[in-house]
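The next block holds one structure in the form of structure tokens; read it before the comments.
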Amino acid sequence: MNATTGEDLVRELLGRGCITILTVDDRGDAARTRLFPGGDVINVVRRDVVGSPLLARHLADVQATLAALAALVARTEAVLDRLARYRRVIPAAGALVVGLGSGLSGLAPALWAVLAVLAWALVRVVVGELGRRSAQAFADRLMK
Amino acid sequence: MSDVPALPAADAGRSGPESARARLAERFEQFASDIFALEINTILKENITATPWPGPCHGLLDIASEYQARLGRIQQLLVARDPEAPGLAELVEGRRRRDEVDSSNTASHARFDDLRTWAKALCPALDRGLAGGSGESDAVMHDVSMINRIRDNSDQIKGVFDVLRARLRSEPPLITRDNANKLVLDLREQDLATIRKIWEIGTEEVVMQTVIHLDGDVVLRVRPDYAGEGGRPVLNLHNNSVQTAVGFWQKMVGVIGSALRWFVGK
């Protein structure tokens, strides 16, 4: 068995299309179990291995693989359940954002009016100052 | 045999996150469609070759050549048993002439259609062998089940080529050993799994098979020579595999259930 963790197994499942559990001896492959995504199993066993301790070891490897998957599935389920909880919170947060947005858009005309008054006041101050300075410069020139 | 040019199959223009999303959706669809029935096969072999899965193109070529070789052997046996079987001589002559024209190993809809037709053509001679009670009925029965498997699986592979043709909107490329490494077939996940399973079983003798349907039906097929006390170790092994399959299935259903709970927000 090459893969040991649930993540490795899922990667193997997605990448190669199945999980392979292989047990070898000095004659080569002794037993091979392939687990397919839907649950199908293809078990290929060398005839002389049937009933031997080697086959028992192979079956133990298969069970270990299943246990690793079970651990991963438990974690995945926990994450999905948490996501389901967040999913209930997200619409509320979304409604809050939308409410704030519409409130702000309602405030917009007043904001624009305030900005316009401020801008007009600024223009008047600037123009007045420029006018005052120009008049002063003109008077200074006349007085020379 | 199809004479379509060997062209690399397009990836249907899918790339990036869109492709990843589509692949994920296909995998989910495959999980969802596969969970309605579980199939557990136990195969005994004299030797297991550690041949890794060569990918769909080489896999299809392996299946085609293995089926062809097996049908050839069955045909030879039938001729040796009963050379007078009606239609057999014509069938042999037809196959000989066909092989003279083209004996190359290819994979295509036409190739699997040809294999299916050949398997079907051998059925009458096999039926005659069964009816004759020649004392070799077990061997004939094995041949019958093998012929059935070749015929059914060839149909499934033809279906895969049909889907591929629809996806590509053109004739799929003719697969040969020369272009098999370069071709990228845009297969659906479930079609890939179908090819993989067919390749995995090949023409091996399945000694035990259990099919569990979601509605509770369980079908167990056991070769007669393993049904007795002598077959107990194999039966134990098979039972263990059934438990493994059911356990694996439960885990997968658990994940799908969690995903659905997340989806509906419950």
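Ranking of B:ILE256, B:ILE175 by neighbouring Cβ atoms within 10 Å, starting from the fewest: B:ILE256, B:ILE175. Each other residue within a Cβ distance under 11 Å of B:ILE150 adds +1 if Lys or Arg and -1 if Asp or Glu, for a net charge of +1.
Given just the C-alpha atoms of the range B:43-102, how large is their convex hull per residue in cubic angstrom?
Output value, Cα hull per residue: 130 Å³.
When the alpha carbon gyration tensor of the range B:135-195 is reduced to an equivalent ellipsoid, its three semi-axes come out at 31, 13, 10 angstrom, largest first.
In µm²/s, what is D for the range B:146-266 at 10 °C and 1.306 mPa s, where D = kT/(6 pi eta Rh) by Stokes-Einstein and Rh is the Kirkwood radius from Cα pairs?
For these conditions, the coefficient is 88 µm²/s.
Quick note: the coordinates plus some simple rules give every number you see, no bench work behind them. As the structure is a prediction and not an experimental result, all values here were calculated from the model. Neighbour counts run over all protein chains shown; Cβ positions are idealised from the backbone, glycine included.
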